[in-house]
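A short reminder: the numbers here are calculations on the coordinates, not readings from a lab. Every value quoted in this text rests on a predicted model; they were computed, and no experiment measured them. So basically every Cβ, Gly included, is an ideal-geometry build from the backbone, and we count neighbours across all protein chains shown.
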Amino acid sequence: MAFPIHRMRRLRTTPTIRRMVRQTQLSKNDLILPLFVRPGNRVRHPIPSMPGQHQMSVDVAADECAEIEAMGIPAVILFGIPETKDAVGHSSWGDQGIVQQALRAIKQRCKQLLVITDVCLCEYTDHGHCGMVAERRDGVKDVDNDSTLILLARQAVSHAQSGADVVAPSDMMDGRVAAIRAELDKAELRDVPIMAYAAKYASGFYGPFRDAAESPPQFGDRRTYQMDPANADEALREVELDIAEGADMVMVKPAINYLDVLWRVKQRFGLPTAAYHVSGEFAMLEAAAANGWIDRKTCAIEATTAIKRAGADMILTYYAKDLAKWIDEGI
Ligand code: PBG
C-alpha cells in the first residue's frame, strides 16, 4: 500500500479484546425496574402495549420483588392503579393506598431491595392530570401549581411512612422538590432521598404507560407542565432548580431522544443521574422484534448501553430483568 492505513480493526478481532477495550459496561447496579400495582389478589394482568409487563396485585408484586432482589437488581419504582379516582387524587395519600400497601408488603419480604415510589397525581385523578385542576384567569382549565404542591408533599410523606426508600416526583410542578423536602423533614424523614424527574418532556412516547397506569388525561394534554421536546437549555435550568430545592438525584425522561440533554445534565452538574427508557421506547423495540425486523436482545442492549454512555448512572427500564439475565450470561 502506498498510503498508511490506521489499523482500527486490530482491537476488534476477538470477543476477548473487545471486552477489554469496551468503555461502557452495563451493570446490574444501573437498573431500576418499573412495576404497576393494582388492587386484588393473585392478579397478574398483562399490559397489551408492553409485552411481558403486568399490572400486579400487592401479593404478586411482593413475590415479583423477591425474585428481582434475588436476581441482583437493586431497585424498583412503584406506580399505583387505585381502586377509586377523584378530582384531587385522595387515594394517593391514604395509609391504605395501593402503593402504601405494596410498600409494606415488599419491605417485609425484601431486605435489600431499594423501593422508589413515583409521586404524581395522574394515576389517582379522574381527569388524569398530574395535579389539581382549576380555571386559569383566561378561562382555560389547567393544573394549578401551588395547590398541587400540598397534595404531592402529602403523598410523598405517606409513601415514606409506608417504607419508601426514595421518592420520585414526576409531576413537573414548579417548587415540588422544595415542598416535598420540607414536609419530609417536618415528618422526621430527613434520610429519605428525592429522585427528581427534573427534565421530563411532554412526550408521545408515554403512550403505553398511560394504558398501563390507566392515566391518560381526559382533556387537553400535559404541555402546560411537561417540557417542550424542542428545548435543551431549559432542561439545565429545570435540573439546576431541582438541585437547589434539594434533589439528591435527577432524571432525564425519555432517554433515547434526549441523550444530548442527558449528556449535558451529567457533565454540568455531576449528580447521580437517572434516565428513563420509557414505555414507548420499549414498545417500539418490542413491536419491531415481534415482527422479526430487529433482534430484541441486540437492540435492548444497544439502547441501554447508549443511555449509560451518554451519562446515566441509573436506567429505569422495562428490560431490567432481561438485562440482569444477559449480564449474568456475560452479555
Ligand atoms: C406520571 C408518569 C408518567 C410516566 C412516568 N410517570 C406518565 C406521564 O407523565 O404521562 C411515563 C413512564 C413511561 O412511559 O414508561 N406522571
Here the percent of antiparallel bridges among DSSP beta bridges lying wholly in segment 25-329, to the nearest 5, is 15 percent
Computed for the chain: size of charge dipole around the Cα centre, +1 on C-beta of each Lys and Arg, -1 on C-beta of each Asp and Glu, debye to nearest 20, value 1620 debye
Take peptides 262-273, 10-21 and line them up by average Cβ neighbours within 10 Å, highest first, as a rough protection proxy.
262-273, 10-21
Just from the alpha-carbon atoms, what are the Rg and Dmax of the chain in angstroms?
20.4, 77
Which of the peptides 296-307, 185-196, 42-53, 124-135 is most tightly packed, and how do the rest follow, going by the mean number of other Cβ atoms within 10 Å of each residue?
124-135, 296-307, 185-196, 42-53
Quick one: grab the alpha carbon gyration tensor of segment 18-96, order the square roots of its eigenvalues as a ≥ b ≥ c, and give me rounded if a/c is under 1.5, else prolate or oblate depending on whether a/b is larger than b/c.
prolate
By average Cβ neighbour count within 10 Å, what is the ranking of 111-123, 151-163 from highest down?
151-163, 111-123
quick shape note, segment 102-143: Cα extents on principal axes in Å, largest first -> 51, 16, 10
Segment 145-194 and segment 122-141 have their Cα centres apart by a whole-number Å value of 20 Å
In sequence order, what are the phi-derived ³J(HN,Hα) couplings for segment 62-74 according to the Karplus relation 6.51 cos²θ - 1.76 cosθ + 1.60 with θ = phi - 60°, rounded to whole Hz, with x for glycine and proline?
5, 4, 4, 5, 4, 5, 4, 4, 5, 6, x, 7, x
Note to self: C-alpha centroids of segment 263-278 and segment 62-100 sit apart, in Å, by 25 Å
Given the options PRO46, ALA182, LEU149, identify the residue whose Cα lies farthest towards the positive end of the charge dipole of the chain (+1 on Cβ of Lys, Arg; -1 on Cβ of Asp, Glu).
PRO46
